[in-house]
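Read the structure below first, then the notes.
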Amino acid sequence: MDLSVTDFTIVVLAGGIVGWIAGLFGIGGGLLLVPVLNILLGIPVEWAVGSTACQILGPATTSLMARRIRLRDLELPLTLSGGLVLGVWVGTMTLRQLDQLGTIILWEKEVSAAQLVVLGLYFSVMAQVGLFSIWESHRAERGRPIALGWLTDWRIPPLIRLREFEGDRISLLVLCWFGLGIGFLSGLLGMGGGLILIPGMVYLFGIRAQKAILIALIIIWMISFQATVIYAWNGFVDLKLVCALLLGGTFGAQLGSRTGQLWRGQKLRRRFGWLLLATAAMIAFQFVRMFF
């Protein structure tokens, strides 16, 4: 894929805006980059997913190098690694098959199979997480926080003990299926997985937020590294596009993180929810354009 000087500049600006939003809300920009690159800039979804996965590897590596990672911090990520590795591989291979399928006829319209599936999943994930964020922040402000650790009571053998669960035994099978789901969505959608990882570890498994963030950083690096290798092997990574995203995203994230420090937690989560719903609405509008 060739990028002209004008296209490169536009991608840098788009990466800067997405980076600012990512820094503002403390998230990875992958969940926004793919819809923005595909819908607003017209970049094929396969290239958007592959290049975004590669772009995530840079900030993930920098974040890990800035922290002191101890061996015990790797315990849960390595436990999840089997499901993660398999999930990422299945997700990336699914996108490859969708790319080879090309276009399909749906409701008498010819549409890209990859674009239909990827944007459809993005819409579903963003709508659900956005609604959950708004609902959760509303309950927290009213002094009615929701319960944590929904899946810790699923005592499906074999059971193991991990430091993050403070002595309680947890189902290895549940953890593996959780890792498989995160890996599949990350591999197929080109995002690091933090959008689902952190809420999943906090609300589903009751892990403390600060610990969940550290674990998520390790897992995101593992996911983005594997996805980058697979997508590069299949020719879905454009280095010019990756450089443009990194250039804009680095400066944008720094500005966004400074702005985010001025907002309270509940307000930040609510605005994050509305951001996801707005992006879901943009995807829904794209579907309307595709079929009508």
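The values are calculated or read from the model by the stated rules, or taken from the named source; none is laboratory data. Quantities reported herein were computed from a predicted structural model and do not represent experimental measurements. Methodologically, a virtual Cβ is constructed for each residue, glycine included, from the backbone with ideal geometry; neighbour enumeration extends over all protein chains shown. Please note that ligands, DNA and RNA were not included when accessible areas were found on the heavy atoms of the full protein model with its side chains. Shrake-Rupley method; radii C 1.70, N 1.55, O 1.52, S 1.80 Å.
About its Cα centre, the chain has a charge dipole of approximately 1220 debye under the convention of +1 per Lys or Arg Cβ and -1 per Asp or Glu Cβ, with nothing else charged. Averaged over its residues, the chain has an accessible area of 50 Å² per residue, based on protein heavy atoms and a 1.4 Å probe.
Each Lys and Arg adds +1 at its Cβ and each Asp and Glu adds -1 at its Cβ; summed about the Cα centre, segment 37-160 shows a dipole of about 580 debye. Take the solvent-accessible surface of the protein heavy atoms, probe 1.4 Å, and return the percent of it on segment 41-85 that carbon and sulfur atoms account for. That fraction is 62 percent.
Shape analysis of the chain based on the Cα gyration tensor places the equivalent ellipsoid semi-axes at 30, 22, 20 Å, largest first. When the alpha carbon gyration tensor of segment 69-113 is reduced to an equivalent ellipsoid, its three semi-axes come out at 39, 9, 7 angstrom, largest first. Return, ordered by residue number, the residues of segment 116-136 whose backbone nitrogen is under 18 Å from a label point located 7 Å along Cα→Cβ of Trp154. Residues passing the 18 Å test: 129. Computed from Cα positions, the angle between helix 265-291 and the longest principal axis of the chain comes to roughly 40 degrees. Between Trp89 and Ala284, the FRET efficiency estimated from the beta carbon spacing at R0 = 30 angstrom works out to 0.50.
Debye-formula intensities of segment 81-221, expressed as log10 I(q)/I(0) at q = 0.11, 0.15, 0.20 Å⁻¹, are -0.51, -0.85, -1.23 (one equal scatterer per alpha-carbon, no solvent). Between helix 5-25 and the chain there is an angle of about 20 degrees, using the helix long axis and the longest principal axis of the Cα atoms. For segment 88-139, with all protein chains in place and a probe radius of 1.4 Å, 61% of the accessible heavy-atom surface sits on carbon or sulfur. In the chain, helices alone account for a calculated mean residue ellipticity at 222 nm of -24000 deg cm²/dmol, with every DSSP H run of four or more residues adding -39,500 (n - 2.57).
Rounded if a/c is under 1.5, else prolate if a/b beats b/c, else oblate: with a ≥ b ≥ c from the C-alpha gyration tensor eigenvalues square-rooted, which is segment 134-187? It comes out oblate by the Cα gyration axes. Here is the P(r) of segment 163-246: all C-alpha pair distances, binned every 5 Å from 0, give 3, 13, 21, 23, 16, 10, 7, 5, 2, 0 in whole percents.
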